[in-house]
Amino acid sequence: MSNIQDITTTPTPPSQSTKHAVLLFWASWHEPSSEGGHVDTIFRALADNESSGNVQFYRVEAEVVTDLSVKYNVTIVPTFILLDTTGTVIDRIEGADDVSRITQAVTALSQRNNNNTTAPTATSSSSPTTTTTNETKEESTLEKQLKTLIISSEVMLFMKGTPTSPKCGFSRQTVELLTNANIVFGYFD
């Protein structure tokens, strides 16, 4: 069952909720954020891989649900708004060029407990069971992040820097090859 809801009228996500929320503001004329576009695919992958049960995902057509667009000062699509359980904006990401930032923001939001603080991480302990359990959780989180990154784009480039400012020769050459071949790709710095 998908935890993505389309908001098509003014009713907003609850301001007091037991779940955090991720709102994707999109527009029908913006192909990447429309259904089936690469931003929509990223959003659906994030929702599908969110297993904590702490986050609800909403798609908001910015030009149709203008009350929410005004409330969150949305001026470009796509815009991602991340809310805690009280409805407070935790993060705002305009555009979808930095898939890693979006993924990390959603992961951090899902790890917040319902008191809106980050879930505690393990400290050093003499108990080997505690260490193993925490290492397993960290590995699981890393696997989820990597899986989300990999499936968010048909071609995903793990590189140093950004496509417009590569930080090494290999990254520059790879970006150049992909660009010259007209291949659309995501990237992770």
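All of the numbers you see were taken from the coordinates with simple rules; none came from a lab. These numbers come from a predicted model, not from an experiment. Note: ideal-geometry Cβ built from the backbone for every residue, glycine included; neighbour counts use all protein chains shown.
Values for this structure:
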{"read-out": "Sites T88 and D6 - FRET efficiency at Förster radius 25 Å, r taken between beta-carbons, to 0.05", "value": "0.60"}
{"read-out": "Region 56-104 pair-distance distribution - Cα-Cα, 10 Å bins, rounded %", "value": "23, 58, 19"}
{"read-out": "At R0 = 25 Å, FRET efficiency that the Cβ-Cβ distance of T162 and S34 yields, to 0.05", "value": "0.50"}
{"read-out": "FRET efficiency, 1/(1 + (r/R0)^6) with R0 25 Å, evaluated for D48 and I76 via beta carbons", "value": "0.50"}
